[in-house]
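What follows is a set of notes on a single structure, which appears directly below.
We did not get these values from a lab; they are worked out from the coordinates using the rules stated. What you see is a predicted model; the values in this text were computed from it and never measured. All Cβ positions, even for glycine, are placed from backbone atoms using ideal geometry, and neighbour counts span all protein chains on display.
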Amino acid sequence: MEKSKDTLHGITLLKMVEDLEAFYGFDTLGELIKIKCFTENPSVKSSLSFLRKTDWARTKVENLYVRTLPKMNKQ
């Protein structure tokens, strides 16, 4: 069986948001991706709700996750 070349294969949006929040915290996350769900009353639940409906914002989160993955793996 071939392994998927997609870095995000099998990674849920929930895992991405939880991992990024744990790594950066919502304050830094809100600076890196300027969207209200990270800057105003942030929570994983409200972020997921927004990101599931908003493709451009989800893409930004996915791109940040891919860039951050090597740093997270070092810890």
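Results, tabulated for the structure shown:
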read-out: Hits in the stretch 27-75 (condition: of a type in the set (Lys, Arg) and in a helix (DSSP H, G or I)); value: LYS36, LYS45, ARG52, LYS53, ARG58, LYS60, ARG67, LYS71, LYS74
read-out: Scope the stretch 8-26; condition over 14 Å from MET72 (Cα atoms) and either in contact (Cβ under 8 Å) with a residue 40 or more places away in the chain or outside any loop (DSSP other than H, G, I, E, B) (or both); matching residues; value: LEU8, ILE11, LEU13, LEU14, PHE26
